[in-house]
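**Student:** The structure that follows is given in the form of structure tokens.
The values are calculated or read from the model by the stated rules, or taken from the named source; none is laboratory data. In this text the structure is predicted, and so the values were computed from the model without any measurement. Neighbour counts run over all protein chains shown; Cβ positions are idealised from the backbone, glycine included. Accessible surface areas use protein heavy atoms only, side chains included; no ligands, DNA or RNA. Shrake-Rupley method; radii C 1.70, N 1.55, O 1.52, S 1.80 Å.
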Amino acid sequence: MRKLLFQSFFQGPFTEPAPALDPTAVEELAAALQRAARRRLGRSLSIREIDAGSCNGCELEIHALNNAYYDVERFGIRFVASPRHADVLMVTGPVTKNMRDALERTYHATPDPKWVVAVGDCARDGGCFAGSYAVVGGVSQVVPVDLHIPGCPPPPVTILQGLLALLDRTAKDATSIA
Amino acid sequence: MPSLIDLMQEGRTIQQHSPWPRAVADAHLWNFAASELAQGRWSLLGLWGEPSTVHMAIIDRDTADIAVVSLDCPDRVYPSVGKYHPPALRLERTINDLFGLFAQDLPDSRPWLDQNRWSVRFPLGDRISALSTTAPYRFLAAEGDGLHQIAVGPVHAGIIEPGHFRFTASGETVVRLEQRLGYTHKGIEGLMRGASVERGAQLAGRVSGDSTVAYAYAFSKAVEAALQLAVPDRAVWLRALLAELERLANHLGDIGAICNDASFGLMQAHCNVLREDVLRAANTAFGHRLMRDVIVPGGLVRDLDENGQAAIRATLDNIPVRFPALVELYDNTASLQDRTVGTGVVTAALAKQYAAGGYVGRASGRAFDTRRAPGYPPYDDLRFEVPVLDEGDVNARVWIRIREVEQSLSLANQILDRLPGGPLRVPVGAAAGPREGMALVEGFRGDIMVWLRLDGGRIDRCHLRDPSWFQWPLLEAAIEDNIVADFPLCNKSFNCSYSGQDL
Ligand code: SF4
């Protein structure tokens, strides 16, 4: 293990600007995100993720936010284990009827102020599962949604952009209320 | 002892079923097949329903012959297979939930996917209104002094799929674990009915997000079998490339995640970098990080250009540079080995009985791999090994993944070296009259089965069977006598699909 740790010491960090393919540089995005998060919520943003019946594709990309390339924790964005610790509920899936109750209960367990981010095409309106006897179809049918992040699944960069948009908006709302 | 093929001759053979035979049996023949499964000569590949028919797919353990046995049950009852052969239990409970067909003498008649929240019962059979009141789900009992229960889920602490686990423990030791799933049931087989083949492919690719390639692959092969379509060579080879990239990405992610559940985050950090590299290469090559909607019936929708080839090659070259140090780290870290060696053992007998596919089966002595037998192109033209271990513990499941990473790297390189040119896709026409097709494809988790019937240009019935059906029950067995704190580790080493089995 020492060898590997030692190597890591000299090797540059994996964390990097986005690959050339992406229109927005991750670094830039993340810096903006950090500013917005600080303005609105102090130093951190805690997210509780809920799979409300997704195919698990959205989860894979949400997971990817934690890898060394995106490393969301460096901006104070953390995924937390309990809704009681969360500022944001990140919900995926077409909300199956079997998950509706659990989603509602998780929402009510989250303290105010809270925001709900619906991730993925399914979470918007049921996606390609809309119309099934077994799905409700869209997170906003069950709990109020502040932001939709489209994609099937949205890639990590898009999810970051979405979080930034949320923070920008809530910051504006806060100013207008004040 | 009749062979599977002899048995099929006793039934009424259905024409237009490819590539393996299907025969309509009587109850006697059905029972005989069930008892053979119980004896262990044959393995259960799948058991599924239609409004008044049940089907079971069987594979002969020795010859790898495959056949489907069907039984008409106009009275809505059929003899239970699960009574003799426990791997069929959850499948029979599901058939009852979805179609209202009841397995006679079924030892466990509780609902499986139906939690009485759909507002209908038997949604794919003769629908009736849901029950007006829900009875609480009866978990199985465990008796003894000082036992306590721990209920977990459906919402878990991590970013994972929803399901419920009911532990009964004596102090730290798990005496019984019972799973309750169905939370992600989306009614996919219901949506398939009457759908076009294109929409079917889209739905199939969303059965389980981490296996989107394997499902699209299996679905497409089943359609092509039904219509007797020959796919261009280039598509055949590219499909396998996609499947190996998917396997690579998932195994790399899993190896890291298992170590993370043993509180060894360093491995996860490094493995996830490699996983991300694979996803980015896939994105460059096929325009989607998970390679979704690339495989369709008839071929592929997107060709691999030089840019894409270069991206994949770079990744395939980089992993052998980085990965061995991680394997060494895994193997030489005592605190990690302490958690994985001897933990969560699945015996060879159970893996065999449940016909467990993928790393779960192969870590417990079951060498089954559909790329080998029955096999399909281009794999019969490629060199690869199917790693097998006997220990059946978490460590063995990690090692199978490590070996499979190496095999997938080699396979992907071989494919790129020999990639044939030519067209990418043939049109999928509609054939008159009903035609049935079936396919088995090796996903990263194990064998995925798709069975379907097309009528004209539409899907009349499509059944998709995830490998998790036969792996979830083994997790219940594996955790027994282990401590509660080892559950996440065991669970991750299985990494069963929720969405895939809930459908
Ligand atoms: S949006 Fe796509 S990836 Fe996300 S849950 Fe739905 S089908 Fe899966």
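**Student:** Just to check your reading of the model, which residue among B:71, B:113, B:44, B:101 is touching a Leu at 6+ places or on another chain (Cβ under 6 Å) and either touching a residue at least 40 places away in the same chain (Cβ under 8 Å) or open to solvent by less than 10 Å² (accessible area, probe 1.4 Å) (or both)? Show your work before the answer.
**Tutor:** Working: B:71 fails: touching a Leu at 6+ places or on another chain (Cβ under 6 Å); B:113 fails: touching a Leu at 6+ places or on another chain (Cβ under 6 Å); B:101 fails: touching a Leu at 6+ places or on another chain (Cβ under 6 Å).
The unique qualifying residue is B:44.
**Student:** Follow-up question, since we're still on this one. Within region B:305-316, identify whether any single residue is modelled with pLDDT under 95 and either within 20 Å of residue B:416 (Cα to Cα) or over 27 Å from the mean Cα position of the chain (by Cα) (or both), and answer yes or no. Quick ask: steps written out before the conclusion?
**Tutor:** Our first condition is that a residue be modelled with pLDDT under 95; within region B:305-316, this holds for none.
No, every residue in region B:305-316 fails to be modelled with pLDDT under 95 and either within 20 Å of residue B:416 (Cα to Cα) or over 27 Å from the mean Cα position of the chain (by Cα) (or both).
**Student:** Pick out the one residue from B:252, B:266 that is open to solvent by less than 10 Å² (accessible area, probe 1.4 Å), under 20 Å from residue A:71 (Cα atoms) and touching a residue at least 60 places away in the same chain (Cβ under 8 Å). Break it down into steps so the answer makes sense when it comes.
**Tutor:** Numbers: B:266 fails: open to solvent by less than 10 Å² (accessible area, probe 1.4 Å).
That would be B:252, the only listed residue that is open to solvent by less than 10 Å² (accessible area, probe 1.4 Å), under 20 Å from residue A:71 (Cα atoms) and touching a residue at least 60 places away in the same chain (Cβ under 8 Å).
**Student:** Considering only residues that are near the ligand (Cβ under 10 Å from one of its atoms) and in a loop (DSSP other than H, G, I, E, B), look in region A:117-147 and name the one that is surrounded by the fewest Cβ atoms within 10 Å (Cβ to Cβ).
**Tutor:** Checking each candidate, the answer is A:126.
**Student:** Just checking, which of B:315, B:343 is outside any loop (DSSP other than H, G, I, E, B) and surrounded by 15 or more Cβ atoms within 10 Å (Cβ to Cβ)? If you could, list the steps in order and put the result at the bottom.
**Tutor:** Working: B:343 fails: outside any loop (DSSP other than H, G, I, E, B).
Exactly one residue qualifies, and that residue is B:315.
**Student:** With the structure loaded, tell me whether residue B:224 is among the charged types (D, E, K, R), touching a residue at least 60 places away in the same chain (Cβ under 8 Å) and within 12 Å of another protein chain (Cβ to nearest Cβ) or whether it fails that test.
**Tutor:** Values: among the charged types (D, E, K, R): yes; touching a residue at least 60 places away in the same chain (Cβ under 8 Å): yes; within 12 Å of another protein chain (Cβ to nearest Cβ): no.
Answer is no for this residue.
**Student:** Sort out which residues of region B:346-376 are in a loop (DSSP other than H, G, I, E, B) and not hydroxyl-bearing (Ser, Thr, Tyr), and write them in order of number. Walk me through how you get there before you give the answer.
**Tutor:** Within region B:346-376, the subset in a loop (DSSP other than H, G, I, E, B) is B:346-347, B:354-357, B:363-370, B:376.
Hits for region B:346-376 are B:346, B:355, B:356, B:357, B:363, B:365, B:366, B:367, B:368, B:369.
**Student:** Inside region B:436-472, can you point out the residues that are more than 14 Å from residue B:189 (Cβ to Cβ), in contact (Cβ under 8 Å) with a residue 40 or more places away in the chain and either open to solvent by 20 Å² or more (accessible area, probe 1.4 Å) or out of contact with any helix residue (DSSP H, G or I) (no Cβ under 9 Å at 6 or more places or on another chain) (or both)?
**Tutor:** Passing the criteria: B:457, B:458.
**Student:** When region A:45-59 is examined, which residues are found to be farther than 13 Å from residue B:498 by Cβ and open to solvent by 10 Å² or more (accessible area, probe 1.4 Å)?
**Tutor:** A:58
For every residue, the table says whether it meets (1) within 14 Å of chain A (Cβ to nearest Cβ); (2) exposed (fewer than 13 other Cβ atoms within 10 Å of the Cβ); (3) assigned to a strand (DSSP E or B).
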residue: B:134; (1), (2), (3): yes, yes, no
residue: B:144; (1), (2), (3): no, yes, no
residue: B:155; (1), (2), (3): yes, no, no
residue: B:161; (1), (2), (3): yes, no, no
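**Student:** Return only the number of the condition from (1) acidic (Asp, Glu); (2) buried (at least 23 other Cβ atoms within 10 Å of the Cβ); (3) within 12 Å of chain A (Cβ to nearest Cβ) that residue B:244 does not satisfy.
**Tutor:** Going through (1) acidic (Asp, Glu); (2) buried (at least 23 other Cβ atoms within 10 Å of the Cβ); (3) within 12 Å of chain A (Cβ to nearest Cβ) one by one, residue B:244 breaks only (3).
**Student:** Looking at region B:259-293, which of its residues are more than 16 Å from the ligand (Cβ to nearest atom), of a type in the set (D, E, K, R) and within 10 Å of chain A (Cβ to nearest Cβ)?
**Tutor:** Those that are more than 16 Å from the ligand (Cβ to nearest atom), of a type in the set (D, E, K, R) and within 10 Å of chain A (Cβ to nearest Cβ): B:275, B:276, B:277, B:280.
**Student:** I'm trying to understand the selection: among the residues of region B:116-132, which are surrounded by 13 or more Cβ atoms within 10 Å (Cβ to Cβ) and of a type outside the set (Phe, Trp, Tyr)?
**Tutor:** Within region B:116-132, the subset surrounded by 13 or more Cβ atoms within 10 Å (Cβ to Cβ) is B:116-118, B:120-125, B:127, B:130.
Scanning region B:116-132 gives B:116, B:117, B:120, B:121, B:123, B:124, B:125, B:127, B:130.
**Student:** Sticking with this one: Please pick out the residue among B:405, B:360 that is in contact with a Cys (Cβ under 9 Å, 6 or more places away or on another chain) and modelled with pLDDT of 95 or more. Working first, answer last.
**Tutor:** Numbers: B:405 fails: in contact with a Cys (Cβ under 9 Å, 6 or more places away or on another chain).
So the residue among B:405, B:360 that is in contact with a Cys (Cβ under 9 Å, 6 or more places away or on another chain) and modelled with pLDDT of 95 or more is B:360.
**Student:** Can I ask one more? Give the residue that is nearest to the other protein chains (Cβ to nearest Cβ), with candidates limited to residues of region B:97-116 that are within 20 Å of residue B:183 (Cα to Cα) and among the aromatic types (Phe, Trp, Tyr).
**Tutor:** Ranking the candidates gives B:112 first.
**Student:** Here's another thing I want to ask about it. Give me the helices (runs of 4 or more DSSP H) completely within region A:1-92, filtered to those with at least 2 residues that are at pLDDT 65 or above, facing chain B (nearest Cβ under 10 Å) and under 20 Å from residue B:264 (Cα atoms), ordered by residue number. Give the derivation first.
**Tutor:** Working: elements: A:2-10, A:26-41, A:57-64.
Fully inside region A:1-92 and qualifying: A:2-10, A:57-64.
**Student:** Of the residues B:194, B:200, B:190, which single one is crowded, with 23+ Cβ neighbours inside 10 Å and either in contact with a strand residue (DSSP E or B) (Cβ under 8 Å, 6 or more places away or on another chain) or in contact (Cβ under 8 Å) with a residue 12 or more places away in the chain (or both)? Full working, then the answer.
**Tutor:** Working: B:194 fails: crowded, with 23+ Cβ neighbours inside 10 Å; B:190 fails: crowded, with 23+ Cβ neighbours inside 10 Å.
Residue meeting the stated conditions: B:200.
**Student:** Given the structure, is residue B:74 in contact with a Ser or Thr (Cβ under 7 Å, 6 or more places away or on another chain) and not basic (Lys, Arg)?
**Tutor:** Numbers: in contact with a Ser or Thr (Cβ under 7 Å, 6 or more places away or on another chain): yes; not basic (Lys, Arg): yes.
So residue B:74 passes the test.
**Student:** Assuming residue A:150 fulfils every condition listed in (1) open to solvent by less than 10 Å² (accessible area, probe 1.4 Å); (2) more than 9 Å from every other protein chain (Cβ to nearest Cβ); (3) within 14 Å of the ligand (Cβ to nearest atom) apart from one, which condition is it?
**Tutor:** (1)
**Student:** Limited to region A:82-116, what total is found for residues that are open to solvent by 20 Å² or more (accessible area, probe 1.4 Å) and in contact with a strand residue (DSSP E or B) (Cβ under 8 Å, 6 or more places away or on another chain)?
**Tutor:** Selection size over region A:82-116: 8.
**Student:** Select, from B:371, B:362, B:401, B:322, the only residue that is in contact with a Leu (Cβ under 8 Å, 6 or more places away or on another chain) and open to solvent by less than 70 Å² (accessible area, probe 1.4 Å). Quick ask: steps written out before the conclusion?
**Tutor:** On the way: B:371 fails: in contact with a Leu (Cβ under 8 Å, 6 or more places away or on another chain); B:401 fails: in contact with a Leu (Cβ under 8 Å, 6 or more places away or on another chain); B:322 fails: open to solvent by less than 70 Å² (accessible area, probe 1.4 Å).
The conditions single out B:362.
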